[in-house]
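For reference, the structure is listed below as structure tokens.
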Amino acid sequence: MSNRIALSVSRVLLAGAAALAIAAPGARAQSGSTSTNAPVKVAMLDLAFYGKRANELQPNDSVMAMTATAVMRKGLTNQPGIDFVDSATVARAAAGPAAKAVVQDIPCNVVVACAREVGKELGARWVVMGKISKTSDLIWIFSGELIDIKTGKLVLDDSYELKGIATDMVPKGAEVFARRVAKKVTAPDSAVVQ
């Protein structure tokens with residue numbers, strides 16, 4: 001009698017395994033995931049500094065944009081699933097003729113259309129850009145955008161008010177946005193606008 005039960009259990013398990021093997025590809029297709037575990041190519045323009053509305057500018061205020069840029073690059077460079085384009089390659093593309101044709105005399109890192117052009121030129125799926133704005137010594141604004149080059153749309157358009165000492169708060173804002181970018185570009189449904 002126990003041989004019959006063992007044989008029945010074996011058949012049920014075998015049938016279940018076969019059903020899962022057949023259903024799994026369909027479930028992946030329905031979920032919208034087309035992930036082949038290939039890393040997505042991400043380019044990032046240097047973050048811009050904006051201080052025109054600040055109540056007072058200090059000589060080193062623009063360094064905050066460089067700090068945020070470095071923090072974001074560090075946060076995205078070694079992320080699993082991301083092929084991060086090096087900064088020198090991005091800078092060359094941003095200064096190249098295709099980008100210049102879009103912006104003329106305006107810096108590329110403040111124009112979404114230029115960032116799209118840089119992404120296309122580099123074959124990137126995503127481009128990150130943003131700016132650091134100073135309002136006062138204790139209030140700064142971090143603005144970051146993630147552009148889907150395939151659709152041309154802004155997928156993330158975040159703005160964080162950072163209150164406190166700039167050297168403490170600006171890197172924190174950059175870390176938060178870098179994590180959101182990494183999560184978005186590596187998600188199976190990464191083209192969905194939030």
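Where the second residue is assigned to a helix (DSSP H, G or I) and open to solvent by less than 90 Å² (accessible area, probe 1.4 Å) and the first is touching a residue at least 40 places away in the same chain (Cβ under 8 Å) and basic (Lys, Arg) and lies in the stretch 159-188, which pairs have Cβ atoms under 9 Å and are six or more apart or on separate chains?
Between residues of the stretch 159-188 that are touching a residue at least 40 places away in the same chain (Cβ under 8 Å) and basic (Lys, Arg) and residues that are assigned to a helix (DSSP H, G or I) and open to solvent by less than 90 Å² (accessible area, probe 1.4 Å), the close pairs are ARG179/GLY75.
When you look at VAL42, is it assigned to a strand (DSSP E or B), open to solvent by less than 40 Å² (accessible area, probe 1.4 Å) and over 28 Å from ILE165 (Cα atoms), yes or no? If you could, list the steps in order and put the result at the bottom.
Working: assigned to a strand (DSSP E or B): yes; open to solvent by less than 40 Å² (accessible area, probe 1.4 Å): yes; over 28 Å from ILE165 (Cα atoms): yes.
For VAL42, the condition - assigned to a strand (DSSP E or B), open to solvent by less than 40 Å² (accessible area, probe 1.4 Å) and over 28 Å from ILE165 (Cα atoms) - is met.
Within the bounds of the stretch 144-165, is there any residue that is among the β-branched types (Val, Ile, Thr) and open to solvent by 60 Å² or more (accessible area, probe 1.4 Å)? Before you say what the answer is, go through the steps one by one.
Residues of the stretch 144-165 among the β-branched types (Val, Ile, Thr): 147, 149, 151, 155, 165.
Adding the requirement that they be open to solvent by 60 Å² or more (accessible area, probe 1.4 Å) leaves 151, 165.
So far as the stretch 144-165 goes, yes, one or more of its residues are among the β-branched types (Val, Ile, Thr) and open to solvent by 60 Å² or more (accessible area, probe 1.4 Å).
Quick check on my filter: what residues within the stretch 52-64 are under 26 Å from ARG116 (Cβ atoms) and either in a strand (DSSP E or B) or open to solvent by less than 70 Å² (accessible area, probe 1.4 Å) (or both)?
Restricting attention to the stretch 52-64, the residues satisfying the condition of being under 26 Å from ARG116 (Cβ atoms) are 52, 62, 64.
Listed by number, the residues that qualify are SER62, MET64.
Can you tell me which residues in the stretch 89-120 are surrounded by fewer than 19 Cβ atoms within 10 Å (Cβ to Cβ), under 18 Å from the mean Cα position of the chain (by Cα) and not β-branched (Val, Ile, Thr)?
Selection gives ALA91, ALA113, LYS120.
Out of the residues in the stretch 76-88 that are touching a residue at least 24 places away in the same chain (Cβ under 8 Å) and in a helix (DSSP H, G or I), state the one that is least open to solvent (accessible area, probe 1.4 Å). If you could, list the steps in order and put the result at the bottom.
Residues of the stretch 76-88 touching a residue at least 24 places away in the same chain (Cβ under 8 Å): 76, 79-85, 87.
After this cut, where a residue has to be in a helix (DSSP H, G or I) as well, the list is 76, 87.
Details: LEU76: 1, SER87: 54 Å².
Among them, the one singled out is LEU76.
The values are calculated or read from the model by the stated rules, or taken from the named source; none is laboratory data. All values derive from a computational prediction rather than experimental measurement. Neighbour counts are summed over all protein chains in view; Cβ atoms, including those assigned to glycine, are modelled from backbone coordinates with ideal geometry. Protein only, heavy atoms only, side chains kept; ligands, DNA and RNA dropped before computing areas. Shrake-Rupley method; radii C 1.70, N 1.55, O 1.52, S 1.80 Å.
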